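Inspection log for the structure reproduced underneath, given as structure tokens.
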Amino acid sequence: MLTTEQWLPLGSVVHLAGSDDLVTIFGYMQQDISTGLVWDYFGLVHPVGFTEPGNDIMFDRDSIDGVMYLGYQDFTWEHMNDLLRKTEPSYLEAKRDAAARASGDGVRTTGKRAR
């Protein structure tokens, strides 16, 4: 059974809690340069996609409340998924460190960031 604790393939379309929009996943383990926060996923509003700089969405797995479409999976996805799982411990440590720094600066460290 698919859970949002598992990494989802690029191209997956998800619904985020508290949002009216669907989001297509375009990247993993992204850092927001304006806040320093680290997020599980980077995506764009579906089906619009990229329209202008700043319309991206960074979000965490726990923000996903529905997987509407599961992206393409082949042997390259299996390799990428293995890499994501292997790097996850150091990623989670960097994510905690970034959140601690951001909360010390008064930056909101939960939820999603859009625009």
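Taken together, the values in this text are just the output of simple stated rules run on the coordinates, not laboratory data. Owing to the predicted nature of the structure, the values given are computational and were not obtained by experimental measurement. So basically every Cβ, Gly included, is an ideal-geometry build from the backbone, and we count neighbours across all protein chains shown.
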Qualifying residues in region 45-96 (those that are of a type in the set (S, T, N, Q) and under 30 Å from residue 20 (Cβ atoms)) - the one surrounded by the most Cβ atoms within 10 Å (Cβ to Cβ): 63
Would you be able to say whether some residue in region 11-20 is surrounded by fewer than 18 Cβ atoms within 10 Å (Cβ to Cβ), within 24 Å of residue 75 (Cβ to Cβ) and either in contact with a helix residue (DSSP H, G or I) (Cβ under 9 Å, 6 or more places away or on another chain) or not acidic (Asp, Glu) (or both)? yes
Name every residue in region 60-77 that is farther than 11 Å from residue 15 by Cα and touching a Leu at 6+ places or on another chain (Cβ under 6 Å), in order of residue number. 71
Name, by its number, the condition in (1) within 25 Å of residue 102 (Cα to Cα); (2) crowded, with 17+ Cβ neighbours inside 10 Å that does not hold for residue 32. (2)
Of all residues in region 12-34, which are in contact (Cβ under 8 Å) with a residue 40 or more places away in the chain and in contact with a His (Cβ under 8 Å, 6 or more places away or on another chain)? 13, 22
